[in-house]
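Here is the structure we will look at.
Just so it is clear, none of the values below were taken in a lab; they were calculated from the coordinates. Because the structure is a prediction, the values reported are computed rather than measured. Reconstructed Cβ throughout: ideal geometry from the backbone, glycine too, with neighbour counts over all protein chains shown.
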Amino acid sequence: MTSDLNEINSPAGQPSSDNDDLDKTQPPLSALRHEIPTELYRQMPQLGRLTQNHPRDNEDGLTFLMRLRASTTPEDAVTFTAFAAKPKMAIWWGYECLRHAASELSANDRHMMELVATWTTYPDDENRFRTAREALYAPVRSPAVFLGLAVTWSGGSIAPNDPAQVPEHRAPRAINSAVLSCLSGAALNNRPIQLARFIDLAAPLFRSF
């Protein structure tokens, strides 16, 4: 996985091309569930209960993200990103946040991060259920395990033998928990720096590519 979200590859199923003429015929891709934050808040009311600040009418995602960053509760920017981006892209962002935090990982957490990285590259049910088996029975809910749970709840059926669909708010809540718990583990004087880095990593998700 790349450490720079400015170099996001095309999502699975989306061909990429260096041909300028071909690119001009294709609409810009978006990493977001909804382009307008107010629509996201309407469609996912759980988000509104988790942030102190709410978007203004016709405010775009990047503008709202930067307003959250400058607010008295900048952690809201993490929560907003976790919900705003499509599951694969949000999990990718969460992975990068944890990786950039550079905290010491246990052997179990390193293994979990490897499972998450594999799923972001090959996001099929086999890799999702493999991650689920490890995350659901992990003895400690570490940031890496929360990210594994986000993979588990990223879409599709809850289990191979259970056709029930995963509620769409479960993955972003797990991503939010992963990134915020990672942030809380940083030294107090380093948290603002860490949070700023996480938001910097999020910003490219709010631009079409």
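Note on segment 52-134: Rg/Rh from C-alpha atoms, Kirkwood Rh, equals 1.07. For segment 30-206, the dipole from Cβ point charges (+1 on Lys and Arg, -1 on Asp and Glu) about the Cα centre works out to 280 debye, to the nearest 20.
Could you tell me which of rounded, prolate or oblate describes segment 30-206, using a ≥ b ≥ c as the square roots of the eigenvalues of the alpha-carbon gyration tensor, with rounded for a/c under 1.5 and, failing that, prolate when a/b is larger than b/c and oblate otherwise? It is oblate, given that a/c is not under 1.5 and a/b is not larger than b/c. Between residue 72 and residue 200, the modelled label-to-label distance comes to 2.8 nm, taking each label 7 Å out from Cα in the direction of the beta carbon. Separation of segment 179-209 and segment 118-176, taken as the distance between their Cα centroids, equals 22 angstrom. Here the gap between residue 184 and residue 118, fully extended at 0.36 nm per residue and compared with their Cα-Cα distance, gives a gain of 21.1 nm.
Sorting 119, 93 by the number of Cβ atoms found within 10 Å of their own Cβ, with the fewest placed first, yields 93, 119. Could you compute the net charge surrounding residue 90? Neighbours are other residues with a C-beta less than 13 Å from the C-beta of residue 90; K and R count +1, D and E count -1. My count for the surroundings of residue 90 gives +3.
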